[in-house]
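The values are calculated or read from the model by the stated rules, or taken from the named source; none is laboratory data. Note that the structure is a prediction, hence the values are computed from the model and not measured. Here the Cβ is made from the backbone with ideal geometry for all residues, glycine too, and neighbour counts use every protein chain on show.
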Amino acid sequence: MPEKINILITGAGGTTGQSIIKALRISSLTCRLIAADTHPLAAGIYRADAGYLLPAADQPQYISRLIDVCRQENIQVILIGSTPEVPVLARHRDEIQKNCHALAVVSEKETVDICHNKYNTCQFLKQNNLPGPETVDISDRSQTELLIQKRGFPLLLKPQQGCAARHVHVINSREEFDFFARRINEPALLQEYLPGDDEEYTCGLFYSRDHRRLGEIIMKRQLSYGGTYRGMTDDFNDIRDYIRRVGDALAPTGPINIQLRNTPAGPVLFEINPRFSCSDAMRAQMGYNAPEAAVRHFLFGQEVRHLLRWRKAISLRYINEVLITHEDYEKLVTQGHLDTCSGVPFTGF
């Protein structure tokens, strides 16, 4: 293993990218962290060792710019911190490695396609005889009407792709459905509403390069603005059995994150994210360090099960501040990168 590992963390402006940075900072790795984001005021950039601006993942120059950054910084491994980048990097994973020798930790395109589209996720569950919410594509008017008649209200209306509860609506009447359905200008689905607002869980699993399950962690959570801000680990054996069945049927590579509710009928997932989690910093403090495990396993082929053991604990997330200089901000805006980052976090709490 080299003396220092160069790691690129994308999506450094969001909680997932920042969680990856935090988890790596408390790991036993000797590493140089290069953070990237689309916005020059992404806090994670200023808490890394160097920072870069990238185009949005849906822009044609995204991959070429990413490869340029990897070459310039001699990046060995890429850890993805934002949802839109996942399908793009899954499609271009081999191209990136061929052009700059950087390994992007991401599942195969087929696996990502199942997870990235929530309708595909529900079809996958159905095909594998796994409990999932009854779901229809709202473009199928007859199936939509059948679901409304069968389940009644409330129902859940949401885009087939998306994150952080964007355009997700709890529908309590036909009038509300008609109102919100007209305002979602992308493929959407209607789904049975899973009971148990206080029984929501975020579950991480980690799979090897040959799709073996190496560990899992389950946190009962409370949400704020679409993200976990309180999390409690415990055994939750019925949920563990369920997520193992789901993960093993999916056979991903690296980390996945399952969001579910424990209903009176048992655990039922409503989302699978084939990436790291915004809870990874919380989990790392509990002993389950998926970012470190990813670097050690995929880059060096090391045994990592000991990094995926956790202890029972409660994690509380709070807002913190990072102070940056005008000079660093202006340099990032004008030059697109920072060779060193001088963000100072608030430490008086």
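Here are some residues: ARG183, ARG91. Which one is surrounded by fewer than 18 Cβ atoms within 10 Å (Cβ to Cβ), within 26 Å of THR38 (Cβ to Cβ), at pLDDT below 95 and not hydrophobic (A, V, I, L, M, F, W, C)?
ARG183
What are the pairs, 6+ residues apart or on separate chains, where a residue within the range 152-173 that is within 17 Å of ASN185 (Cα to Cα) has its Cβ under 8 Å from a residue that is exposed (fewer than 13 other Cβ atoms within 10 Å of the Cβ) and at pLDDT 90 or above?
Listed by first residue and then by second, the contacts come to PRO159/GLU186; GLN160/GLU186; GLN161/GLU186.
Looking at (1) touching a Gly at 6+ places or on another chain (Cβ under 6 Å); (2) closer than 23 Å to TYR46 by Cβ, find the lone condition where LEU308 falls short.
Checking LEU308 against (1) touching a Gly at 6+ places or on another chain (Cβ under 6 Å); (2) closer than 23 Å to TYR46 by Cβ, the one that fails is (2).
Could you figure out which of (1) touching a Pro at 6+ places or on another chain (Cβ under 8 Å); (2) loosely packed, with under 15 Cβ neighbours inside 10 Å; (3) under 30 Å from ILE5 (Cβ atoms) isn't true of VAL106?
(2)
From GLU73, GLU95, GLU85, GLU176, grab the single residue that is of a type outside the set (S, T, N, Q) and over 30 Å from GLY51 (Cβ atoms).
On inspection, the qualifying residue turns out to be GLU176.
For the range 83-127, name all the residues that are part of a helix (DSSP H, G or I), in the same structural domain as TYR62 (by the TED database) and not charged (D, E, K, R).
The answer is VAL86, PRO87, VAL88, LEU89, ALA90, HIS92, ILE96, GLN97, ASN99, CYS100.
Would you check if there is a residue in the range 223-239 being within 18 Å of the chain's Cα centre (by Cα), modelled with pLDDT of 95 or more and β-branched (Val, Ile, Thr)?
Checked against the condition, which is being within 18 Å of the chain's Cα centre (by Cα), modelled with pLDDT of 95 or more and β-branched (Val, Ile, Thr), the range 223-239 yields no hits at all.
Could you please find all residues in the range 308-338 being in contact with a Lys or Arg (Cβ under 8 Å, 6 or more places away or on another chain) and either part of a loop (DSSP other than H, G, I, E, B) or without any contact (Cβ under 8 Å) to a residue 24 or more places away in the chain (or both)?
Those that are in contact with a Lys or Arg (Cβ under 8 Å, 6 or more places away or on another chain) and either part of a loop (DSSP other than H, G, I, E, B) or without any contact (Cβ under 8 Å) to a residue 24 or more places away in the chain (or both): TRP310, ARG317.
Could you tell me which residue of the range 1-52 is farthest from LYS331 (Cα to Cα), considering only residues that are charged (D, E, K, R) and not in a strand (DSSP E or B)?
As a first pass, look at the range 1-52 and keep what is charged (D, E, K, R): 3-4, 22, 25, 32, 37, 47, 49.
Among the residues that remain, those that are also not in a strand (DSSP E or B) are: 3-4, 22, 25, 47, 49.
Details: GLU3: 29, LYS4: 26, LYS22: 24, ARG25: 25, ARG47: 16, ASP49: 15 Å.
Per the stated criteria, the residue is GLU3.
Going by what's in this entry, would THR253 be described as among the hydroxyl-bearing types (Ser, Thr, Tyr), touching a residue at least 24 places away in the same chain (Cβ under 8 Å) and surrounded by fewer than 19 Cβ atoms within 10 Å (Cβ to Cβ)?
Judged against the criteria, THR253 is not a match.
Pull up the range 199-231, narrow it to residues that are free of Cβ contacts under 8 Å to residues at least 12 places away in the same chain and over 20 Å from ASP280 (Cβ atoms), then point me to the one that is surrounded by the fewest Cβ atoms within 10 Å (Cβ to Cβ).
In this case the residue turns out to be ASP210.
Tell me which strands (runs of 3 or more DSSP E) are completely within the range 149-251 and hold 1 or more residues being small (Gly, Ala, Ser), or say none if there are none.
Those strands (runs of 3 or more DSSP E) span 188-192, 200-207, 213-224, 227-233.
In the set ASP58, ASP49, which member is acidic (Asp, Glu) and either in contact with a strand residue (DSSP E or B) (Cβ under 6 Å, 6 or more places away or on another chain) or buried (at least 20 other Cβ atoms within 10 Å of the Cβ) (or both)?
Values: ASP58 fails: either in contact with a strand residue (DSSP E or B) (Cβ under 6 Å, 6 or more places away or on another chain) or buried (at least 20 other Cβ atoms within 10 Å of the Cβ) (or both).
ASP49 is the lone residue from the list that is acidic (Asp, Glu) and either in contact with a strand residue (DSSP E or B) (Cβ under 6 Å, 6 or more places away or on another chain) or buried (at least 20 other Cβ atoms within 10 Å of the Cβ) (or both).
I'd like to know if the range 91-106 contains one or more residues that are under 14 Å from the mean Cα position of the chain (by Cα) and not β-branched (Val, Ile, Thr).
No - not one qualifying residue is present in the range 91-106.
For residues that are of a type outside the set (Asp, Glu) and in contact with a Lys or Arg (Cβ under 8 Å, 6 or more places away or on another chain), scanning just the range 238-253, find the one that is nearest to GLY301 (Cα to Cα).
That would be THR253.
So which of GLN97, GLN160, GLN143 is in contact with a Pro (Cβ under 6 Å, 6 or more places away or on another chain) and over 19 Å from ASP248 (Cβ atoms)?
Going through GLN97, GLN160, GLN143 in turn, the sole match is GLN160.
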